[in-house]
Structures are given as structure tokens and as C-alpha cells.
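These notes are about the structure you will find just below.
Read-outs throughout are calculated quantities, based only on the coordinates presented, and are distinct from any laboratory measurement. Fair warning: this is a prediction, and the values are worked out from it, not measured in the lab. When we count neighbours, we look across all protein chains shown, and the Cβ atoms used for this are built from the backbone with ideal geometry, even at glycine.
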Ligand code: BGC
Ligand code: BGC
């Protein structure tokens, strides 16, 4: 009965929504005319997306009529990693496509998930959890506009973003890729991001970049937050928690959706015809195309040909193919299998035609048939001060002040001696987190143009202020205040799954050492692993701060949880006006908790924003915009 009601509600919703969903049908005459000329090989080629590193040779684009190429997190140009390298690289694939019989342009895809993050010197934005903390759809739209311009500047017109997961368990390694645990907030911000990437409408404008809402559906609901795991719930719950962001993204015109690795009640999403075709395409009226995740169909069963059959019949339109494990160049295997399946009648020709029609519609909508040229000014503007200013604004708006005991903040600009401690204070790679240059991110100077927290502090204090830095807090003598920076190392996807969410022993020791100096301590916590948000934002703040205090209580005193709850609750209550804005990504905490990312000293004072709400989950690294503080 419950499910019945949910279904009824879903259908009602869909009736309203499908009217709003763009049909991408403006070019259908051309699409149909083209389709009528295409051989089965040419059609199947359109449905294949190969990782550039898995291509045997670039000419395979031409040979197999490939519809798309992507760069996975570790797949870079062979010549280098600058924007011109990327533009040149992508153009070579495009040129191959334009030499095919029907000259159907290629669409190149990339994970521009917090800025155009694979490219050296591009503007790095906070991860989604940081953007979620801003609660500001207009700002997110602007951020993704900048990202779209940078993506377009490398000849790419497709970003695998936004991730509109609604993470329910912060043990999940991808928590930071979601805006929030709150469905309504994700719904609003995801739609804004789509408009940021694509514009009001997906179009032939050179900077209209195809967005990709991902990962459909329930990626953030898996048991124990296990990446690619199983989401167990009834349909009403699935719809309530995870569907609204897709409804809104479709309404905003999203042209592509990526399917989730995860399962729903034990059934792999990549084989779930009901959700992919009946719900997403028919009920919600999604007229764009569905792309698989990286080698994800391989997980349906041990039989690859069966996986191809299941996934295409379930409604997948394009399959993302790296070198599968132990399968070199398995795009060729995919092509052979799909061809055989059509011949055997196991995959209807009509299904193939539908998939190709959807892909071609998007290519026409993007104007790729007319031009795939890139304006050199877009390339030159990658990482520009104007773009970085937007990233910095995102950081500012995302700050979270958890507590400010004894009103130690703001610190005076002319404070005499500031001791900065913690390796994370001077590590760009840690600030940026995963999905930065490499899939897993990295330590140290991973990219150009960024500013570490330490550098930003030095640039901001008065000329009379002495700033000393000791990674291990060994130099605290005569400090008037200590800024301790702690947090996780970079990671991405399943590598970030954690069973233990406590601070590391090293970080705990660092804070204890800072406190032992007797100077006021400002702790900046990148809360990748120290954050509980399942029960809502205020409780989350209370619980975590309480937990923190129990471990690292001021002056070694044990502070009762209920006491902290009261304090924080009062603080939150008193900050209502600002509560709407900031939220999660940077936690400054201890004697004082201030978000460090808006680095500092505006108008002679440390600038900070009181918090707020815990919108999101954990955040790896200080919001990337910190990088851009100049
Ligand atoms: C991730 C996707 C990503 C894709 C391509 C997958 O492992 O789940 O989010 O878009 O790889 O890099
Ligand atoms: C790729 C990523 C991908 C991941 C999935 C990595 O090698 O670079 O893009 O998401 O594999 O396992």
C-alpha cells in the first residue's frame, strides 16, 4: 500500500515534470535523416565511449566510428598537462571523428567536478560539500559557468558533473562529492549547477557544456556507506530521498545522466530497466542520454556479453569503457558483442536506434556538427584572476565557525607572533583533495597558481607580525596565537571509505601540543573524517564538537557532551541570520573554531563567518578556492 501511494505520487509528479523536461527535439529532422544513413557499425560506434588511455590508437576513433572519448582521473595527454596540451590532444580525437564517412563529431567527456580539475593551472573550486555549505544556488551557477568556460577552453564540451548524490553515511569515501545530506538542498543546488554548465538551455554557444547528473540512483544510500555498495530501502524511500534532485536536473535541462555503480535492493543499477527506462526516461520524461560509469556494466555478471545485453536493454545509451580488468581494449569486445546481440534479436534494433537518436540530439543541440573549434581566448582565460575570484568567493561563503570561546576571534591583524602548525597548512595537494590533477589527488604542489594556507596567512598579516611555521608544532615559543591545521590526506571514491572517523593520532597529538603552549588555539579542521551528519545539521555540529571535546577538551578537562550541546545549540540559535549560508567544509575548532579558508584579516581583522548548518558531509582538503587566494 505504501509503495502504491509512492507510485501514485511519482506518476502525478511526473505528469507535471515531463511537460517541463526539454525534448532536445529541435534538430530531429536532421537526426532522423542522419540515422537513416547509418550502418549498424556506425550506430554502435556512437554508443561507445572509450577512455583515451585505453585506446589502442587514436585512429580507432575513425575505425570504429566512436561516438565519445573520455579522460578518466589518471588519463592525460601524452605531451603534458597544460591547457594547450589538452586542447591539442582533444582536437586530435575530434579530427579522427571528422574523417569518418558521416563526419559525426565526437563528444569528449571529463570529470570537471571541482573546476576543470585535471588541468594544470585551472581554477580549483571547493568540492561539492563545500559548495553545498554556501546554500547559494546563484553562486554555484556562477562557479559552474566558470568551470564550463575552462572546460570549453580545452575543446571539451561535456563535464561529468554535478554529482547529485545525497550522502546518508559519512563513512562513504565519496561524501565530499555530494552537496548535502539534505535532499531539498541537493535538489536546488544540482539544478543550479546544470544551468551553470549548460546555460539556460543546452546550445551551440561555445561555452555551453553538457552536464551529467550522477550517479543515478541511490549512490549515497549504500549500507554502511560502502562505495559501489547496496542501497536497501523501499521504493517510497528511494524516491523521497534520492529522486528529487534528478527531477529538478531534468527540468533544468540536463542532457546526460550517469548511472550508479551501486545496487538497489541487490540489483545493479546498470541492469535496472524499471528505474532507468520506466522511471527516468518515461515517467520523468528524460530525453537526453544515459551513460554508464567506468567499466560498471562489467559488474552485472561474470559474462560480458550478458552485461552488454542487460545494460543496453535496461536503457543505457552510451557505455564508458576503459581497459576492463584483464581485458585489453575491450571496446572491441563490446562492439562485437552488441553487434551479435542485435543479430540474435536479443537487443532490439529499435533500442539501438533510440540510444543513437538520443546521443545525436545532444550533439546537434551543442552545435558540434557546425563547429568544434575552440576560441583561443577561452584557453587563455583558464585559471585567470577573474575565475579565481569566483572560487575564492565560494570558499568564503562556505566557511563554518563551530565555536569561538572567550571571543578569541577575530584575531587582530597586528598580532605579534602567530604560530602556524600542521603539515596541512602548507600543502596545496591536501587543500585540493581528491580529483585534482590525478584521480586520487596528491601531496604538495600538485598544480600551479594556488596559494597554501600558510602563504595566505603570511600575505595577510600586518608587516609587523611574525609568522612561524612548524609542521610538527615544535616551534610555539612566544606565540600569541596558534593556528593548527589538521585533516585527511587526499583520496577519491572507494579509497576514501572509512570505518573510523576519528582524527588521526598525529592530528590529535598536534592539537594537544598546541594547547599545551598556553596560547589561544585556532584549529582548522578539514572534516573529511570527523563529521556526522546523518541526523541533521545542528545535531551534527553538536555531536562532533562534543566528540572532539571529549577527546581534546580544553585544558585537558573532560567536557560533558550535554554541556557542549547546550553551548552549541545556543550559538546556533543566536546566529540564525547567518545560519543559512555557511556550513561544512572547513571546521575550525578547539578553543576557537573558525573556518580558515577565507583567509584572513579583512579590515584589520580575521574575517570569518559564523556558522551554520552542516549541509554536507566531509570535505577533503580546504576548499580548493583557498588555492586561489592571491
Ligand atoms: C566515477 C565517476 C566518474 C568516472 C570517470 C568513475 O569511477 O564513479 O564519477 O565520472 O569514473 O572518471
Ligand atoms: C580512473 C578514474 C576512475 C577510476 C575508477 C581510475 O583509474 O582514472 O577516472 O574513476 O579508475 O576505478
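Quick notes on this one:
- In terms of the mean number of neighbouring beta-carbon atoms within 10 Å, the peptides 51-58, 190-197, 259-266 order highest first as 190-197, 259-266, 51-58.
- DSSP-defined antiparallel bridges as percent of all bridges, the stretch 188-345, nearest 5: 25
- Site pair residue 369 and residue 416 shows an inter-label distance of 7.5 nm when each label is modelled 7 Å from Cα along Cα→Cβ.
- Relative packing of 478-487, 290-299, 493-502, which averages over residues the other C-beta atoms within 10 Å, highest first: 478-487, 290-299, 493-502
- FRET efficiency estimate (nearest 0.05) - Cβ-Cβ, residue 459 to residue 103, R0 45 angstrom: 0.30
- Length-normalised contact order for the stretch 380-521 - Cα pairs under 8 Å, 6+ apart - percent: 29
- Burial ordering of 309, 235, fewest other beta-carbon atoms within 10 Å first: 235, 309
- Cα-projected label distance for residue 88 with residue 32, points at 7 Å along beta-carbon direction, nm: 4.5
- Footprinting exposure proxy for 448, 128 (fewest neighbouring C-beta atoms within 10 Å first): 448, 128
- Ascending count of other beta-carbon atoms within 10 Å, so fewest first, for 27, 114, 215: 27, 215, 114
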